[in-house]
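Engineer: Starting off with a structure, shown below.
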Amino acid sequence: MSGSIVGSGERSTNEGFSEEAQSSEMAASSLRIRPKAKKPVIPQYKFSVFLKEDHKQPLFGVVFNYYVAPTAPPVFATVGSNRVTIYECHSDGGVTPLQAYTDVDPDENFYTCAWSYTESGEMLLAVAGSKAIIRIINPALLQPVKTYTGHGNAINELKFHPHDPSLLLSVGKDQALRLWNIRTDVCVVIFGGVDGHRDEVLSGDFDLTGKWIMSCGMDHALKLWSIPDP
């Protein structure tokens, strides 16, 4: 009788099989239990739509409105030349222009915009650029409702406070940062002077707590500014 004796008289479970059959069975068993490699999941990032505004000038800024209702279509604004345009995005990838504001000064060139809202919940859009004038536009009225002047040269960027929708930060080519209260129409503070930038300020932003402002500019410097509690 073929096969071999193992242990204390127990027979091998492969008794009655040739070495070739045993080898084939083991190979087949090995193949059956080997897990299949999963194919990598490739994210479906894709281009959706192409737009070109008819003023044929550079577009310096684009900002989504984070304050619209979660169920509403996404809305964003662009600035370029002396025009501000508001668009709406669709689930199929399409984009529709909703409205546009053209400044009365043909030499104005808007560089930046920022969204906020009033105490009653109306949307507001702040815009500024080469003429150093901040305009607060109410899209529902299709016109500016407030203007602020004070910077001595072009305004490069606008940012609203993360918790107080009435506080607006502006940074400019005049080497200064300004913090405005658009509810009381007051320039609260000017960041500059001895501790300020030595060339135009290009960008500034709040931290998530709203207690700090970081700015940077053409002087290769970063400046951290603190905001006291009210």
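Engineer: Any of 146/173; 56/223; 159/211; 146/223 with alpha carbons more than 24 Å apart? Name them for me.
Structural biologist: 56/223; 146/223
Engineer: Let me ask you something else. Across 10 Å bins from the origin, how do the percents of Cα pairs in segment 56-169 run, short distances first?
Structural biologist: That works out to 14, 49, 31, 6, 0, in percent per bin.
Engineer: Count the net charge of all other residues whose Cβ sits under 13 Å from the Cβ of residue 106, scoring Lys and Arg as +1 and Asp and Glu as -1.
Structural biologist: Details: positive: 83, 131; negative: 103, 105, 107, 108.
Once all neighbours under 13 Å are counted, the net charge is -2.
Engineer: For segment 43-105 and segment 110-148, compute the distance between their C-alpha centroids and round to whole Å.
Structural biologist: That distance is 16 Å.
Engineer: What FRET efficiency do you get for residue 220 and residue 194 if R0 is 22 Å and r is their Cβ-Cβ distance, rounded to the nearest 0.05?
Structural biologist: It comes to 0.75.
Engineer: At 0.692 mPa s and 37 °C, plugging the Kirkwood radius over alpha-carbon pairs of segment 114-193 into Stokes-Einstein gives what diffusion coefficient in µm²/s?
Structural biologist: 261
Every read-out reported here was derived from the displayed coordinates using simple, explicitly stated rules and does not represent laboratory data. Every value quoted in this text rests on a predicted model; they were computed, and no experiment measured them. In this analysis, Cβ positions are derived from the backbone assuming ideal geometry, glycine residues included, and neighbour counts consider all displayed protein chains.
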